[in-house]
Amino acid sequence: MKYLKVIAFTHKQIELKEIGRLVVCQENLTEKLQQVKTQFGIPEIFYLATCNRVEFVMTTPQVVDKDFAKRFIEAFNTELCENSLSTFMDGASIYEDQEAMVHLLRTSCSLESLIVGEKEILAQLRKAYEHCKTAGLTGDGLRMVMNCVVKTAKEVYTHTNISKNPISVVSLAYRKLRDLNLCATDARILIIGAGETNRNISKYLQKHKFTNFAVFNRTVSKAQQLATDLKGEAFDLEALKTYSKGFDVIITCTSAVEPIITTEIYKSLLNGDTSRKTIVDLAIPNDTAPEVLEQFPVNFIEVHSLNEVAKRNLQERYQELVHAEGIIDQNIGEFLMQLKQRRIEVAMRQVPEKIKEIRNTAINSVFADEVQGLDEQSREILEKVINYMEKKYISVPMIMAKDILINEN
């Protein structure tokens with residue numbers, strides 16, 4: 001593990017919008033990595049880029065410090081000016097040896113993420129590694145590292161509650177809507193507002209096969225974009241006053257300072273229907289007038305209560321950190337043992353060749369005359385004895401080395 005090094009630029013030291021300047025287009029990525037791999041004599045390397053981190057993971061015997069990192073980034077990203085490069089170097093984190101391994105495990109388990117417990121980072125790590133592996137940029141060392149990374153992350157996500165409870169308002173809103181168990185996939189859903197929040201919750205609805213959408217937005221072109229994705233209809237906000245096709249669920253999130261859903265509009269939207277409906281209001285302040293909730297039967301899901309749940313869930317995730325770190329420590333110990341065993345395996349690869357060389361020298365040189373003097377049956381017996389001893393001798397050093405390792409630990 002002493003050759004494992006990581007150069008990391010993350011949200012902890014660098015603004016998110018700045019990190020994006022280090023991200024390399026996929027089309028040029030392999031070529032650039034191959035270039036710096038050759039230029040700096042790095043045996044193995046892979047590159048990870050997400051919305052809140054850019055990291056270079058490598059195995060190399062040379063010293064990786066801020067000076068090396070600066071030269072490396074200069075070669076990797078030639079578009080950065082001196083001032084920008086200096087800023088990045090001030091925020092760079094460099095890890096090596098066991099500290100680098102711990103960092104990778106913590107990253108894969110989302111302990112280093114902007115939002116603790118978000119499992120996407122593991123998939124991103126695996127994809128980044130597989131890309132570089134396919135390109136021939138990695139080898140046996142990083143293969144072992146990634147095996148441990150994936151195993152550890154899976155154990156953390158399986159045996160702790162670090163990712164169990166959602167903490168984004170959108171995922172909580174969808175879960176609350178689903179738990180009401182009031183609407184089938186053909187439920188009539190009105191979406192008011194076409195901003196990021198409603199686009200995100202729409203992805204959940206699409207994923208779970210909802211199909212009946214009408215999108216309302218102040219700018220009709222934006223409503224049309226979202227409606228096209230959802231295979232629904234698009235309207236401007238004024239159309240709420242005359243919309244008569246009925247609804248089962250309203251999802252609203254606009255930047256309006258006054259309620260969008262007034263009692264008059266809500267009554268008009270009902271079009272004579274008296275059944276209980278559901279409103280998911282993710283706007284601040286709420287898009288729904290308080291009088292609507294007082295005068296009509298409504299299942300109301302609003303952002304304030306969801307934020308309270310999100311805070312509780314986030315606190316529960318942080319309480320799981322100690323369990324996650326225990327799993328990481330255990331896997332580090334196992335990995336150290338695997339590394340020792342692997343070093344022995346690599347060192348012992350020469351044993352069979354050496355034994356064959358000794359055998360050939362004995363038969364064809366040292367004892368050549370004696371062997372030539374044997375009759376055919378005696379030669380066959382000698383050959384069998386030597387073959388038997390050769391096979392047994394090959395396994396002896398490996399067994400002894402492994403026994404020594406086990407006794408040391």
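Read-outs: derived from the displayed coordinates by stated rules, not from any lab. Every value quoted in this text rests on a predicted model; they were computed, and no experiment measured them. Glycine also receives a Cβ, built like all others from the backbone with ideal geometry; neighbour counts cover every protein chain displayed.
Quick rundown of the values:
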read-out	value
Span from the the range 164-240 Cα centroid across to the the range 250-292 one, whole angstrom	14
Values of log10 I(q)/I(0), in the order q = 0.12 Å⁻¹, for the chain under a Debye, Cα-only, solvent-free model	-1.04
Across 267/311; 133/203; 222/267; 203/241; 5/133; 12/207, pairs whose alpha-carbon gap is larger than 23 Å	267/311; 133/203; 222/267; 203/241; 12/207
Percentage, to the nearest whole number, of Cα pairs in the range 89-175 over 21 Å apart	39
Rg/Rg_ref, the range 118-237, where Rg_ref = 2.2 N^0.38 Å and atoms are Cα	1.48
Shape call, the range 174-287: gyration tensor on alpha carbons, a/c limit 1.5	rounded
Separation between Cα centres of the range 87-152 and the range 68-86, rounded to whole Å	22
Label-point separation in nm, residue 130 to residue 316, each point 7 Å along Cα→Cβ	3.1
Cross-link partners of residue 354 among lysines (Cα-Cα below 30 Å; sequence separation of 8 or more within a chain)	2, 340, 384, 391, 392, 402
Angle in degrees between helix 169-180 and the longest Cα principal axis of the chain, rounded to the nearest 10	70
Local net charge near residue 360, Cβ-Cβ under 12 Å (Lys/Arg +1, Asp/Glu -1)	0
Separation between Cα centres of the range 1-53 and the range 318-374, rounded to whole Å	33
The chain: most fluctuating residue of 99, 325, 31 per GNM, C-alpha cutoff 10 Å	31
Acute angle (nearest 10 degrees) that the helix 376-408 long axis makes with the longest principal axis of the chain, alpha-carbon atoms	50
On Cα atoms only, tilt of 82-91 relative to the major axis of the chain in degrees	80
Point-charge dipole on Cβ atoms (K/R +1, D/E -1) for the range 291-396, about Cα centre, debye to 20	540
For the chain, size of Cβ-based charge dipole, Lys and Arg +1, Asp and Glu -1, in debye	640
Mean ellipticity per residue at 222 nm, deg cm²/dmol - from DSSP H runs of n ≥ 4 across the chain, formula -39500 (n - 2.57)	-18000 deg cm²/dmol
Approximate shape of the range 68-121 as ellipsoid semi-axes (Cα gyration tensor, √5λ), whole Å, largest first	27, 14, 9
Amide proton proximity set for residue 191, modelled H, under 5 Å, gap of 5+	214, 215, 216, 251
Percent of beta bridges antiparallel (DSSP, the chain, rounded to nearest 5)	45
